[in-house]
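Structure, as structure tokens:
The values are calculated or read from the model by the stated rules, or taken from the named source; none is laboratory data. Computed from a predicted model, the values in this text were never measured in an experiment. Here the Cβ positions follow ideal geometry from the backbone for every residue, glycine too, while neighbour counts run over all protein chains shown.
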Amino acid sequence: MTETYDAIVLGAGAAGLFCAATAGQRGKRVLLLDHADQPGKKILISGGGRCNFTNMHTAPDRYLSSNAHFAKSALSRYTPADFLELVEAYGIAWHEKTLGQLFCDGSAKQIVAMLLEECAKGGVAVHCGDALGEIAHGDGLFRAAFGGRAASAPALVIATGGPSIPKMGATGAAYDLARQFGLKVVQPRPALVPLTLAGDEALFRDLSGVSTEVIARCGKAAFREAALFTHRGLSGPAILQISSYWQRGQTVTTQFLPDRAEGWLREAKRERPRTSLRKVLGEGLPERLVDVLCARLGLSGELGALSDKALAAAEATLARWPFVPDGSEGFAKAEVTAGGIDTGGLSSKTMEARKVPGLYVIGEAADVTGWLGGYNFQWAWASARAAGLAI
Ligand code: FDA
């Protein structure tokens, strides 16, 4: 016998849980399906187990999408303050870590428990642990088969996220569904992901574990945060951020010692000619990094013995140290997926597919990707809210 609902939500991650709760609390009968054995698995591992659940500096320009305007409407109608109000209503203690990033004091489990409680308040039927069967559409109804059961509803929400971290149950199911319903997909690619170095640049692997603050740049994008050298290449927040903007073949530059003004090495030479270049660089950079940079610059000895021309060249190189990554660590290590279901076919107010009434796309499945630091969850909440109010 086919069970009937007002909406079937596919994917019990951040977006699916919040959308189901929103619609359920409006009196809609909602079925929430996930093939994983429990809901919200990515929430549980997020933010090192403390879930960076939003960012107070959320703004549309902190999201990548082929359609730069798409996220504006949903983000403006459900803000970080709105989600924070919910978190506080549940008595979940939180703190701002840095750069507007809000984390639970305790555990990400609290966020999942809150979302499940919100679903329970809305009478949402949550079913986890069975593979999704065929999704069919006809006579204004969507039909889903799962675990030997069948359900139908006039609304179907695609909230199955993107393929980053497959071992957490992530799949490209959203894109298959999109194609089934005639929606376009913007080529998905790993984002917020460590970059790999090969060949000559692999020398920097010797620095595995060394971290320093830089300004990482690629094209017009620039992020000032820590960069970390790894045994495969580059990571750390500055690199993860810039990776979302990087395309194969492009150069990423890192500005070491970002607070030093132009001419700083020449000034140091005049003030302290007997001091070595190594010592001066070591005042702001880890020793192991200084050794590699000096070797690469081909400079050593006292500042007074180095020409102004050589020091000016060193300053310029340190301010735009070029790396040409040969790739990234891929979906296995990517925090999110950039690209996804083309927003050109969706309403920015409701997330409904223009050509398929009743079909909605929310969260990471859509071609909207936030910066590192709580922006992706805020998009999940905001897009879920928009769809949950429209169903
Ligand atoms: P999400 O991936 O959460 O949920 C999709 C659901 O669909 C999953 O439950 C999955 O099992 C299910 N599913 C997939 N395929 C299916 C299929 N074929 N059939 C049935 N179900 C299927 N963001 C942030 O803002 N702050 C943070 O602290 C972090 N930290 C973080 C750490 C790590 C390690 C990762 C990998 C990611 C983050 N993120 C993050 C990103 C954040 O987790 C991500 O953007 C959101 O979870 C996206 O929410 P969605 O609900 O769209 O997808």
> Checking D206 against (1) over 17 Å from the mean Cα position of the chain (by Cα); (2) assigned by TED's automatic domain parsing to the domain that holds T369; (3) not in a strand (DSSP E or B), which test does it fail?
Replying inline: (2)
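Only one of A174, A151, A170, A108 is in contact with a Ser or Thr (Cβ under 9 Å, 6 or more places away or on another chain), within 14 Å of the ligand (Cβ to nearest atom) and modelled with pLDDT under 95. Can you tell me which? Step through it out loud before you land on a result.
Numbers: A174 fails: modelled with pLDDT under 95; A151 fails: modelled with pLDDT under 95; A108 fails: modelled with pLDDT under 95.
Every option except A170 fails the conditions.
Determine which member of the set T54, T79, T98 is touching a Phe, Trp or Tyr at 6+ places or on another chain (Cβ under 7 Å) and of a type in the set (V, I, T). Lay out the reasoning, then the answer.
Values: T79 fails: touching a Phe, Trp or Tyr at 6+ places or on another chain (Cβ under 7 Å); T98 fails: touching a Phe, Trp or Tyr at 6+ places or on another chain (Cβ under 7 Å).
Just a single option satisfies the conditions, and that option is T54.
In the set M114, M56, which member is of a type outside the set (D, E), in the same structural domain as R385 (by TED's automatic domain parsing) and over 26 Å from L10 (Cα atoms)? Even if it seems obvious, please write down each step before you answer.
Numbers: M114 fails: over 26 Å from L10 (Cα atoms).
Result of the check over M114, M56: M56.
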>> Being within 30 Å of L64 (Cα to Cα), surrounded by 15 or more Cβ atoms within 10 Å (Cβ to Cβ) and not β-branched (V, I, T): is that true of L228 here?
In response: yes
> Inside the stretch 1-60, can you point out the residues that are more than 6 Å from the ligand (Cβ to nearest atom), under 15 Å from A384 (Cα atoms) and among the small types (G, A, S)?
Replying inline: A7, A20, A21, A23, G24, G40
>> Among (1) more than 15 Å from the ligand (Cβ to nearest atom); (2) surrounded by fewer than 22 Cβ atoms within 10 Å (Cβ to Cβ); (3) under 26 Å from the mean Cα position of the chain (by Cα), there is one condition L195 misses while meeting the rest; what is its number?
In response: (2)
> Looking only at the stretch 255-295, which residues are in contact (Cβ under 8 Å) with a residue 60 or more places away in the chain and charged (D, E, K, R)?
Replying inline: R288
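Hey, which of the strands (runs of 3 or more DSSP E) in the stretch 272-391, taking only ones fully inside, have at least 1 residues that are within 16 Å of the ligand (Cβ to nearest atom) and assigned by TED's automatic domain parsing to the domain that holds G16? So that I can check it myself, show each step before the final result.
Working: elements: 321-323, 336-341, 359-361.
Hits in the stretch 272-391: 336-341, 359-361.
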>> Go through the stretch 73-104 and report how many residues are without any contact (Cβ under 8 Å) to a residue 40 or more places away in the chain and among the small types (G, A, S).
In response: 5
>> I'd like the full set of residues that are over 14 Å from V193 (Cα atoms) and β-branched (V, I, T), limited to the stretch 221-259.
In response: T251, T253, T254
> Among the numbered criteria (1) surrounded by fewer than 16 Cβ atoms within 10 Å (Cβ to Cβ); (2) at positive phi, which single criterion is violated by G233?
Replying inline: (1)
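Does any residue of the stretch 204-212 turn out to be in contact (Cβ under 8 Å) with a residue 24 or more places away in the chain and acidic (D, E)? Full working, then the answer.
The initial filter retains those residues of the stretch 204-212 that are in contact (Cβ under 8 Å) with a residue 24 or more places away in the chain, namely 204-207, 210-212.
Remaining after also requiring acidic (D, E): 206.
Yes.
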> Quick one: is L293 within 17 Å of D206 (Cβ to Cβ), among the aliphatic types (A, V, I, L, M), more than 30 Å from the chain's Cα centre (by Cα) and crowded, with 16+ Cβ neighbours inside 10 Å?
Replying inline: yes
> Are any of the residues in the stretch 253-272 in contact with a Pro (Cβ under 9 Å, 6 or more places away or on another chain) and surrounded by fewer than 21 Cβ atoms within 10 Å (Cβ to Cβ)?
Replying inline: yes
